[in-house]
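*Asks:* Next up is a structure, given as structure tokens.
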Amino acid sequence: MHNRRVLVLTGAGVSAESGIPTFRGKDGYWRNLDPIKLATAEAFARDPELVWQWYRERRHTIRRAQPNAAHEAIANLAQCADEFLLVTQNVDDLHERAGLAKAEMVQIHGDIFVTKCSRCDFEHEHEQDQNGAPRCTKCGALMRPGVIWFGEPLPARETERVENYLQRDSCGVVIVAGTTATFGYIIDWALRASRRGGELIEINPEETPLSRFATRLVREPAAIALPRLVDELM
Ligand SMILES: [Zn+2]
């Protein structure tokens, strides 16, 4: 690598290869309910216990899952880069369990293992899952999972970390893996990071809105393509 400053963006496709169902398509359905409708503030207001039950099952699935070759390749790449940032849409902890430091990653859609108050700023991590919908010990309001639901803004603190990384310098390598890039900010960040002639590599079995901007397209699952790519880059 000539410019060893790296940005990696990952989405649900990377976790799917560890057996974590994506929201889209039949696999994501839970008790015949569409996750795209469950992961909303409206669904939580209507039936918090139902939404909590679904998140508890997802937490359970994630705890049993293992990081795959894509997670490991990304952690290896971070080791040899001069500067590195991962921005992931995934709320699981598989990147971290593969060895990536928290300081080198931004979970832009939140962290499923955080439980936060729906009213005040109280939150905690990795508590014992209880039944029903938990209440805040500070203010008594309902606690909710620490994830960003559909229709909610991205967390300001995390967005700022990405912006700071992009503003400081451009990147020699930008990798976008396992995301359909349907959110505009993914394309925006990928393009801005690679703006001074950096490589923009897309790894996804299917075409996405980002594809036409990529300098290299790899039409394979991330767990197959990433180890090979990282070997080549190192
Ligand atoms: Zn509270």
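*Asks:* Quick one: ranking Cys120, Cys171 by accessible area, 1.4 Å probe, largest first, what do you get?
*Replies:* Cys120, Cys171
*Asks:* To the nearest 10 degrees, how steep is helix 69-80 against the longest Cα principal axis of the chain, on a 0 to 90 scale?
*Replies:* With rounding to tens, the tilt is 60 degrees.
*Asks:* Post the alpha-carbon centroid distance, region 1-67 to region 153-167, in whole angstrom.
*Replies:* When both Cα centres are located, 22 Å separates them.
*Asks:* Once you order the gyration tensor axes a ≥ b ≥ c over the Cα atoms, which shape class does region 51-169 get: rounded for a/c under 1.5, otherwise prolate or oblate by comparing a/b with b/c?
*Replies:* Working: a/c = 2.64, a/b = 1.50, b/c = 1.76.
Oblate, since a/c reaches 1.5 and b/c is not below a/b.
*Asks:* Given a 1.4 Å probe and heavy atoms of the protein chains only, how would you sort Arg212, Arg219, largest accessible area at the top? Working shown, then result.
*Replies:* Working: Arg212 195, Arg219 95 Å².
The residues order as Arg212, Arg219, largest area first.
*Asks:* Let me ask you something else. Describe numerically, in nm with one decimal, the distance between label points set 7 Å from Cα along Cα→Cβ at Thr215 and at Trp30.
*Replies:* About 4.1 nm, to one decimal.
*Asks:* Same structure again: If you roll a 1.4 Å probe over the heavy atoms of the protein chains, what accessible area per residue do you get for the chain, in Å²?
*Replies:* I get 49 Å² per residue for this part.
*Asks:* Kindly express, to the nearest 10 degrees and within the range 0 to 90, the angle between helix 184-193's C-alpha long axis and the longest C-alpha principal axis of the chain.
*Replies:* 30
*Asks:* I'd like to know which of Ile201, Leu166, Ser211 lies farthest towards the positive end of the charge dipole of region 156-234, counting +1 on Cβ of Lys and Arg and -1 on Cβ of Asp and Glu.
*Replies:* Projecting each Cα onto the dipole axis, the largest value belongs to Leu166.
*Asks:* Return the distance in nm (one decimal) between the two label points of a simple spin-label model at Glu123 and Phe183, each offset 7 Å from Cα along Cα→Cβ.
*Replies:* 1.4
*Asks:* Okay, moving on. Please report the projected area of region 123-234's Cα convex hull averaged over all directions, in nm². All intermediate terms of the calculation are to be shown ahead of the outcome.
*Replies:* Details: hull surface 41.0 nm².
Mean shadow area of the hull around the Cα atoms is 10.2 nm².
*Asks:* Give me the percent of the accessible area of the chain that comes from carbon and sulfur atoms, probe 1.4 Å, all protein chains in place.
*Replies:* Reported share for carbon and sulfur atoms: 49 percent.
*Asks:* Quick one: what do you get for the chain if you divide its Cα Rg by 2.2 N^0.38 Å?
*Replies:* 1.03
*Asks:* Separate question: Taking the Cα atoms only, what angle lies between the long axis of helix 222-233 and the longest principal axis of the chain, rounded to 10 degrees?
*Replies:* Helix 222-233 sits roughly 40 degrees off the main axis of the chain.
*Asks:* Determine the percent antiparallel among the DSSP beta bridges restricted to the chain, to the nearest 5.
*Replies:* Rounded to the nearest five, the antiparallel share is 30 percent.
*Asks:* How do 101-109, 65-73 rank on mean C-beta neighbours within 10 Å, highest first?
*Replies:* Ranked by mean Cβ neighbours within 10 Å, highest first: 65-73, 101-109.
*Asks:* Something else: Net charge within 13 Å of Arg4 by Cβ-Cβ distance, Lys/Arg positive one each and Asp/Glu negative one each, not counting Arg4 itself? Provide the component values of the computation, followed by the final result.
*Replies:* Details: positive: Arg5; negative: Asp82, Glu83, Asp169, Glu199.
Around Arg4, the charge tally is -3.
*Asks:* Further question: Can you work out the PRE-style zone for Phe23? Point 7 Å along Cα to Cβ, and I want the residues of region 89-132 with backbone N under 14 Å.
*Replies:* Zone members listed by number: 89-92, 108-112.
*Asks:* Further question: Run lengths n ≥ 4 of DSSP H only: what is the helix-derived mean residue ellipticity at 222 nm for the chain, with -39500 (n - 2.57) per run over all residues, to the nearest 500?
*Replies:* -10000 deg cm²/dmol
*Asks:* In addition: Could you give the spread of the C-alpha atoms of region 95-150 along their three principal axes, from largest to smallest, in whole angstroms?
*Replies:* Answer, in whole Å and largest first: 36, 23, 21 Å.
*Asks:* How much solvent-accessible surface does Asp82 expose, in Å² to the nearest 10, with a 1.4 Å probe and all protein chains in place?
*Replies:* 120
*Asks:* Which residue, Leu154, Leu191, Leu85, has the largest displacement toward the positive end of the dipole of the chain when charges sit on each Cβ (Lys, Arg +1; Asp, Glu -1)?
*Replies:* Projecting each Cα onto the dipole axis, the largest value belongs to Leu154.
The values are calculated or read from the model by the stated rules, or taken from the named source; none is laboratory data. Nothing here was measured: the structure is a model prediction, and the numbers come from that model. Positions of Cβ are backbone-derived with ideal geometry, glycine not excepted, and every protein chain shown enters the neighbour counts. To get the accessible areas, we keep the full protein, side chains included, count just its heavy atoms, and leave off ligands, DNA and RNA. Shrake-Rupley method; radii C 1.70, N 1.55, O 1.52, S 1.80 Å.
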